[in-house]
Every structure is written in structure tokens, then in C-alpha cells.
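What follows is a set of notes on a single structure, which appears directly below.
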Amino acid sequence: MKFLSLIFVYLGAILLFASLFPTRRLCRQDHPGTFVWRILGILILLFIGGYGLYGSLILKTGELQSIHVIVSLIMFGGGVFVAAVVRQTQSAINHILRMAEQEKYRALHDDLTDLPNRTLLQDRIDQLVLLSERSEHTFTIFLIDLDNFKEINDALGHFYGDYLLQQVSERLSKAVRKCDTLARWGGDKFALLLPDTSVEEAEAVSMKITEIITPPFQVEGNNLAVGVNIGIVTYPEHGQDTGTLLQHADIAMYEAKRNQVNYCLFNPEKNRTTWDRLILMGELRKAIESGHLILHFQPQISVLDGRLSGIEALVRWQHEKKGLIQPDEFISLIEQSGLSKPLTNFVLDKALEHYSLWRESAMKTGISINISVKNLHDFDFPGQVKATLDKWGIEPDRLTLEITESSIMADPGRVALVVESLKKLGVRLAIDDFGTGYSSLQYLRQFPAREIKIDKSFVTDMLSNEDNAVIVKSTIDMAHNIGRQVVAEGVEDHETGVLLKRLGCDYLQGFHISHPLPPDDLFLWYEKQKDKQKNGA
Ligand code: C2E
Ligand code: CA
Ligand code: CA
């Protein structure tokens, strides 16, 4: 009996002793309860002392009573209990710490590519700025933008877009050193931080990156070519803090994109104009969202009877400080900043809204809007057109989509599918600015446009410029031969209108008929025009 009691007491003590190790680890780990665990550790030590004393008491006792046996059993149970609680607690705390570690990792890394994210990169730049301030070291930052990515993403969908981004990040990782930080900046942009790197070395790295990205990527059996535009800044020359450096890298990257070169070093002299453009771009984005873009409408008339035959919607920007800005000043900015689709959606919706009102007042011609070639690369576009037509209750053949000849000719194959869907939908297509895009007769014959709009540069001075008069005449003949109708743009005087009528042109548009007008003024123009015709008749 005595032997059994001793075994229980010492086993309990051994268990207590064993739980001292995890307790020690718990005291050292980084969590809020370390103080309590220290006290618990001391208590366990005291317990062990107590167990020892009780063991020696049992040894000295001659005849054991049953109370001694019961106490030894309780002491053994206590040892088991403490050991189990300490172990369990340690594994729970370890689990929580592991989770916190993973959470921290996720907060600083990009889920898709597993690269450091913007926050971690900014933190590393902050550190490097502090370090370089003291050591007078220099470092370089790249902002890398992928060319064509948006189109690929739109055409193949997000799944393959993500896959392509992973492939790009793998290739980029191969082009950099271990001490560099390659980060995902967001969307199709990456950033690279190169410690101890001069401008010359940075240029060599950008060439390497271009080389490594140039071979096509294999996605879904397609060979996809992706270009890069890299903006480069160095510390301290182009900025002395993280914010300024990154802002300037963004401007340099935008310069590279604009000049269609692979990389561009930040140039403080160009900063001002680029900065203005960037501000304008930011405002433009907001203008589309907040309805600061407005539409003016220019009428087209039929050559035969002078009646209204169509209305073209032309966008303007009602700027808070600069007043009314004409499209020539911002359409190219729209294209560059990827806003063509939101712009077309806006124009389509607004133009059809106005048209639905005019129709009720017997102004029953068609309405034309200008679209970007980006819309013809977008497989969702025909669906959006249909939805907007349905929204305003307008038949598809009342809507004409104008697309410039030069933009179709830039890549005729790529627009074919969307053009075909639009044709099936029943909307009309017009080739705008005709004469500036070098299309072949063969292509024109295939392209399902109902009308051809001769560019105003040929029409405006056709009375004084014989070459242009010949071009206009042969365009009209050619268009009629392949069954297309012809609109002459830029008719600025009566005589030009008369000559165009003689040459067989179908419709006229230009300042002589009317300038583009705000919606209410167009309606007044129409009423006046009707009166004139009644009086003339
Ligand atoms: P466009 O599609 O060729 O539009 C005709 C342009 O010629 C308009 O300029 C119009 O005001 C101008 N115009 C009309 N009659 C005459 C004339 O007799 N003489 C002269 N010299 N000009 C005349 P606007 O409104 O400044 O638009 C310029 C260009 O901006 C448009 O050329 C079109 O390419 C683009 N644009 C306008 N609105 C939109 C739009 O909503 N979306 C897109 N993607 N582009 C648009
Ligand atoms: Ca047009
Ligand atoms: Ca035009």
C-alpha cells in the first residue's frame, strides 16, 4: 500500500515537473498572458516541493491510513490535470500565433501572385529611405505596367487573366536579384525596388525585363504577346520620400506608355504637363461618373428634300473651372486612360434617352453615336447596346454606331466578331472620317456599314481644292457602287451643298446646316426647319 501511494505521489510530481517545460515556453512566447504563466510556473515549483515533502512523510509513516492513499491519488490526479491543461493551452496558443502569422503574411502579400503587396513595398521603401539618408546610398524604383493586358482580360475572361498575371510574375521574379523587392502594385501593375542601383544599372534591368517578357505567353492554346511600360525613379534625385518617389514613378510610367517605349526615366521638366494631364484624367473619370459630360446634337439632312435625316450625338465636357471643353481635347485622354467603354455607355444611354423624348414629338429620324475601337474589341458590347435600346424602347435600326475608318483598319480581324453580332442585332454601322484610313475596296465591300461619312477635310474646301473635289466624287461613286449611302461632313456653305447634290451625295452635315446644339436648341431648330419647309411648299 505504501509503495503504491509513493508511486502515485512521485508520478504526480514527475508530471508536474514535465509541465514546467511547456510553461517555460509559454512564459517566453509573445502573447498577453505571460505574466500569469510565470506565476503558474512558480506555483508548480511549490507544488513539486509539496509533493516531495508528502512523499517523505509517507516514507516515515509506519502504517498507512486510507486517507494517505486517497491524498496520494488526488495528488496524482492533480499532476495529470496540470500537465494536460498546460499542454492543451500551449497547443492552442501555438495555433493562434500561427494563424496570426499567416494573417500578417496575407496582409502584406498579394493572394494571386504571392508577391509582396503595395503596403509591404511602401514599408520597405520607407526603411530604405531612412537607411540611405544616413549612408548616402542610392536606390531605384520601377513601376511596371503591362500593355494589352486589359484587352486580353476582357477577351479571355478573368480566370485566364489571373493565370497570365501569375506567369508574368514568375518571369519577372527571374529577372531580379534576391535583395530586390518585386511587388504586385495592383491590377496589371508591378513594382520593383532595387537597393544600391544606379541609373545605368536600372536601364540594364529594364532591358532585361523587356527581353524576358517579350516571348509570347501560352494561355488556352493562344500565343499572347504582352508588352511592358516601365517608369523609373532614383533616390534621392527624383524624390526624398516614398510618396513623391512613387508619384514620379507613376508619371514616368505614363510617359513610357504615351511615347510607346519600354521604359522611361522620370524627367522633372516634363512633370508639369504630364501632371496636368494626369489631373485632367482623374477629373475626367469623375466627370463621367458624376454627369459632367453633356451631349450636343448635330442634325444631318437629306440632299433630296432638305429634311432632317439623322442626328449625331457629340460629347462635351462641362468643366467646373475651364468651361465647355471640346472632345478633341479629351477623347485621346479617354482612350489612354481606358475610359472608352464607360464613355460610350454614358453617351449611348443619354443619346437614346433624348431620342426617346424627341420621338414622341414626331422627330422620328435615327440617332448616331461615335464609338471607340475598344468597343469593337469588347464581346459584351452588343449585349449592352441591346439592353440600352430595350431600356428606352427603341428599335435597333434607329441607332447608328459611327466608327472611324482608321481605327477599324488598325486591326480588321479583331473587330470582326463584335461587328457581326452588332449586325445581327440590327443596329446600323457607319464608317466615320472616311478617306483617312486607307481601307481597301475589298474590305469595304465586306464591312457591313450602311453609310460612309466622308471626312470633313475633303469636303470643307472642295470648291477651291480640285483634288479634294475629285476624291469626294470618286468616294460617292465607289460607295454607291457597293450599295452604301454617303454622308458629307463639314458642309460649311450653301455652294458646297449644291455641288454635293450634283455629285449625288445622299446626306449633308455641317455648320451650314447647323452647329452641334444642346438638346433643347436642336428641337427649336427642328421646329423652325419644319416651318420653313411648310412656307417653302
Ligand atoms: P466626328 O465624329 O467626325 O464629329 C464631327 C466633328 O466635326 C464634330 O466635332 C463637329 O462639331 C465638327 N463639325 C461639324 N460640322 C462641321 C463643319 O461644317 N466644319 C467643321 N470644321 N467642323 C464641323 P466635335 O464635336 O468637336 O467632335 C470631334 C470628334 O470627337 C468627333 O469627330 C469624334 O471623333 C469625337 N467625338 C465626339 N463625341 C464623341 C463621343 O461621344 N464618343 C467618341 N468616342 N468620340 C466622340
Ligand atoms: Ca462622327
Ligand atoms: Ca467625322
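The values are calculated or read from the model by the stated rules, or taken from the named source; none is laboratory data. Since the model is a prediction, treat every value here as computed from it, not as a measurement. Counting neighbours? That spans all protein chains shown, and the Cβs are built from the backbone with ideal geometry, glycine included. Accessible surface is based on the protein model in full, side chains and every heavy atom, while ligands, DNA and RNA are left aside. Shrake-Rupley method; radii C 1.70, N 1.55, O 1.52, S 1.80 Å.
Numbers below:
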| read-out | value |
| --- | --- |
| Among (1) within 16 Å of ligand 2 (Cβ to nearest atom); (2) in contact with a strand residue (DSSP E or B) (Cβ under 8 Å, 6 or more places away or on another chain); (3) closer than 28 Å to K150 by Cα; (4) without any contact (Cβ under 8 Å) to a residue 40 or more places away in the chain, the one test that I452 misses | (3) |
| Residue satisfying all of: in region 420-470; assigned to a helix (DSSP H, G or I) and within 16 Å of ligand 1 (Cβ to nearest atom); farthest from H377 (Cα to Cα) among these | N468 |
| Failed criterion for N223 (all others in (1) touching a residue at least 24 places away in the same chain (Cβ under 8 Å); (2) open to solvent by 70 Å² or more (accessible area, probe 1.4 Å) hold) | (1) |
| Within region 2-32, tally of residues that are touching a residue at least 24 places away in the same chain (Cβ under 8 Å), closer than 16 Å to V85 by Cα, of a type outside the set (V, I, T) and open to solvent by 20 Å² or more (accessible area, probe 1.4 Å) | 5 |
| Of the criteria (1) open to solvent by 20 Å² or more (accessible area, probe 1.4 Å); (2) part of a loop (DSSP other than H, G, I, E, B); (3) touching a strand residue (DSSP E or B) at 6+ places or on another chain (Cβ under 8 Å), which one Q240 fails | (3) |
| Members of region 358-399 found to be closer than 25 Å to F523 by Cβ, surrounded by 12 or more Cβ atoms within 10 Å (Cβ to Cβ) and more than 16 Å from ligand 1 (Cβ to nearest atom), listed by number | W358, R359, M363, T365, L389, K391, W392, I394, P396, D397, R398 |
| Candidate set: region 269-313, residues that are more than 33 Å from the chain's Cα centre (by Cα) and either open to solvent by 40 Å² or more (accessible area, probe 1.4 Å) or charged (D, E, K, R) (or both); chosen: the one nearest to ligand 2 (Cβ to nearest atom) | R307 |
| Hits in region 314-334 - residues which are open to solvent by less than 20 Å² (accessible area, probe 1.4 Å) and in a loop (DSSP other than H, G, I, E, B) | F330 |
| Unmet requirement for Y526, which otherwise passes all of (1) closer than 30 Å to K350 by Cβ; (2) in a helix (DSSP H, G or I); (3) within 16 Å of ligand 1 (Cβ to nearest atom) | (3) |
| Scan of region 513-537 for residues that are within 16 Å of ligand 3 (Cβ to nearest atom) and farther than 17 Å from T365 by Cβ, ordered by number | H515 |
| Enumeration of residues in region 243-268 that are modelled with pLDDT of 90 or more, open to solvent by 60 Å² or more (accessible area, probe 1.4 Å) and out of contact with any Gly (no Cβ under 9 Å at 6 or more places or on another chain) | none |
| Members of region 418-438 that are within 16 Å of ligand 2 (Cβ to nearest atom), open to solvent by 30 Å² or more (accessible area, probe 1.4 Å) and not acidic (D, E) | R428, G435, T436 |
| Residues within region 430-449 that are touching a residue at least 24 places away in the same chain (Cβ under 8 Å), away from ligand 3 (no atom under 14 Å from the Cβ) and of a type outside the set (G, A, S), tallied | 7 |
| Pair list, Cβ under 6 Å, 6 or more apart: region 176-195 residue more than 19 Å from L131 (Cβ to Cβ) and part of a strand (DSSP E or B), other residue open to solvent by 20 Å² or more (accessible area, probe 1.4 Å) and among the acidic types (D, E) | R184/D110 |
| Answer from L517, L524, L508 - the residue that is closer than 30 Å to E353 by Cα, within 16 Å of ligand 2 (Cβ to nearest atom) and surrounded by fewer than 21 Cβ atoms within 10 Å (Cβ to Cβ) | L517 |
| Inter-residue pairs, beta-carbon under 6 Å, first in contact (Cβ under 8 Å) with a residue 12 or more places away in the chain and open to solvent by 40 Å² or more (accessible area, probe 1.4 Å) and in region 483-495, second in a strand (DSSP E or B) and more than 10 Å from ligand 1 (Cβ to nearest atom), 6+ apart | Q485/E451 |
| Residues of region 33-56 classified as open to solvent by less than 70 Å² (accessible area, probe 1.4 Å) and of a type in the set (A, V, I, L, M, F, W, C), total | 4 |
| Among (1) within 42 Å of the chain's Cα centre (by Cα); (2) open to solvent by less than 30 Å² (accessible area, probe 1.4 Å); (3) hydrophobic (A, V, I, L, M, F, W, C) - the single one M462 does not satisfy | (1) |
| Condition check for L120: surrounded by 11 or more Cβ atoms within 10 Å (Cβ to Cβ) and farther than 19 Å from D196 by Cβ | yes |
| Any hit, region 354-362, residues being within 16 Å of ligand 3 (Cβ to nearest atom) and part of a helix (DSSP H, G or I) | no |
| Options E63, E101: the member that is of a type in the set (D, E, K, R), open to solvent by 100 Å² or more (accessible area, probe 1.4 Å) and part of a helix (DSSP H, G or I) | E101 |
| Residue within region 327-346 that is closer than 30 Å to K501 by Cβ and without any contact (Cβ under 8 Å) to a residue 24 or more places away in the chain present | yes |
